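Engineer: Dumping the structure here so I can ask a few things about it.
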Amino acid sequence: MAEKDTFTVRQRLEQREEALSPHASRSRLSRGRERPEEPCPLRTEFQRDRDRILHTNAFRRLKHKTQVFITPVGDHYVTRLTHTLEVAQIGRTIARALNLNEDLVEAMCLGHDLGHTPFGHVGENTLDQLAPGGFAHAQQSLRIVERLEKDGQGLNLTWEVRQGIVSHSKPQGDFLAASAAEGLSLEAQICRLADAVAYLNHDIADAVRAGILQVSDLPTEANRTLGVTHSQRINALVTDIVQASWASTGLEEGPEGQPPAIAMRLPVRRAMNLLRDFMFQQVYLPLGQREESQAAREMVRLLYRHLLDSPDHIPQVFFSHGEDAQQAAVDYLAGMTDHYAIRLAEQLQPDISRGVFDRAPRL
């Protein structure tokens, strides 16, 4: 292939995007990067962002970060990495079915949880209480790609990918209100919804695996509407999202004046909200009271206090942009894997784990 010919590859890919829905994001029309760069000859801007995220240290660390169960016994529990991969797969499926930008959705999904703390939401909630400005993993994910990765240079991602990353979090309850999606691209809306579809289903599977619940314990209406197996639920949810979003995304003539949106039909939306509420009450909140969760909170508190008292123990890269000791401590602690956090905490206070993490592998 001649050098001249390689520069037509990206252009050919960009031309393919012209066949997408009129409401899809197009890489050639991106709002750009904070620092201008020469285009890649072989990849669109969104494909380039996807690849940058995949090759980060933050992405690799997800394999040793808690999703829901802290240091579980067994090889088949979901980690933050496997969760991320499932979100990307579900997001790609929805985007492809709706003729939206699959590359953009994939990049958003792969980057959405880079900022998660060790010990899952237990760690996040504890750090939120400790940090003067609070802590939210979506904001931290954005901070990682903008300022912390590549030795403080950041990844210089496109505006569209950064929007999807920072906008993926959802409150409890019905998060599909029109106001919640205001200003978001359809691809960012897909990332938000794919995240919920993924975690609901694999968290149910993990809770059953752990003996915390049985499928028959789930709300009857949810089982009747979505099915009783992992594949049935995902298929029902994803199929409904595509069908409910079909008209407004431009695949057929929708109601006049209706803004494009990623949606769900009321019966399936209600079933998903019932499942979410059930999981919060019966799984997520009770897990937060278990011994390992209490020990994890103590470790996060110990490490945060130690880093504030000894900022010289924080790698210099976390001061690259003039951060104070508090921000550097948050950035360093949030980036730790479960195993690394346990090891550092036990060096400071050997009895802090009280033996509940003895089964966690050491790196």
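Engineer: Out of Asp113, Asp75, I need the residue that is surrounded by fewer than 24 Cβ atoms within 10 Å (Cβ to Cβ), acidic (Asp, Glu) and out of contact with any strand residue (DSSP E or B) (no Cβ under 7 Å at 6 or more places or on another chain). Which one?
Structural biologist: Asp75
Engineer: Another one. Does Arg16 fit the bill of being among the charged types (D, E, K, R) and surrounded by 17 or more Cβ atoms within 10 Å (Cβ to Cβ)?
Structural biologist: no
Engineer: Also, I was wondering about something else. Please give the number of the condition Ala236 fails out of (1) touching a helix residue (DSSP H, G or I) at 6+ places or on another chain (Cβ under 7 Å); (2) surrounded by fewer than 16 Cβ atoms within 10 Å (Cβ to Cβ); (3) among the aliphatic types (A, V, I, L, M).
Structural biologist: So Ala236 meets the others, but not (2).
Engineer: Report whether or not Glu45 is free of Cβ contacts under 8 Å to residues at least 40 places away in the same chain and over 12 Å from the mean Cα position of the chain (by Cα).
Structural biologist: no
Engineer: If I filter segment 37-46 for residues that are out of contact with any Ser or Thr (no Cβ under 7 Å at 6 or more places or on another chain) and crowded, with 17+ Cβ neighbours inside 10 Å, do I get at least one hit?
Structural biologist: yes
Engineer: Tell me the helices (runs of 4 or more DSSP H) entirely within segment 247-341 that contain at least 2 residues that are touching a Ser or Thr at 6+ places or on another chain (Cβ under 9 Å) and closer than 29 Å to Glu187 by Cα.
Structural biologist: Where helices (runs of 4 or more DSSP H) fall fully within segment 247-341 and carry at least 2 residues being touching a Ser or Thr at 6+ places or on another chain (Cβ under 9 Å) and closer than 29 Å to Glu187 by Cα, they are 266-279.
Engineer: Same structure again: I'd like the full set of residues that are in a loop (DSSP other than H, G, I, E, B) and either surrounded by fewer than 19 Cβ atoms within 10 Å (Cβ to Cβ) or touching a Leu at 6+ places or on another chain (Cβ under 7 Å) (or both), limited to segment 157-208.
Structural biologist: Result: Ser167, Ser169, Lys170, Pro171, Gln172, Gly173, Asp174, Phe175, Ala177, Glu182, Gly183, Leu184.
Engineer: Of Ile241, Ile314, which residue is free of Cβ contacts under 8 Å to residues at least 24 places away in the same chain and crowded, with 18+ Cβ neighbours inside 10 Å?
Structural biologist: Only one candidate passes the filter, namely Ile314.
Engineer: Taking the condition more than 15 Å from Gly164 (Cβ to Cβ), touching a Pro at 6+ places or on another chain (Cβ under 8 Å) and surrounded by 15 or more Cβ atoms within 10 Å (Cβ to Cβ), does Val68 pass?
Structural biologist: no
Engineer: May I pose another question? Could you please find all residues in segment 58-97 being over 30 Å from Leu20 (Cβ atoms), touching an Asp or Glu at 6+ places or on another chain (Cβ under 7 Å) and not aromatic (Phe, Trp, Tyr)?
Structural biologist: His64, Lys65, Thr66, Val68, Ile70, Thr71, Val78, Arg80
Readers should treat all values here as calculations from the given coordinates under stated rules, not as data from a laboratory. Being a predicted model, the structure only gives us computed values, none of them experimental. Quick reminder, even Gly has a Cβ in these numbers, built from the backbone with ideal geometry, and neighbours come from all protein chains shown.
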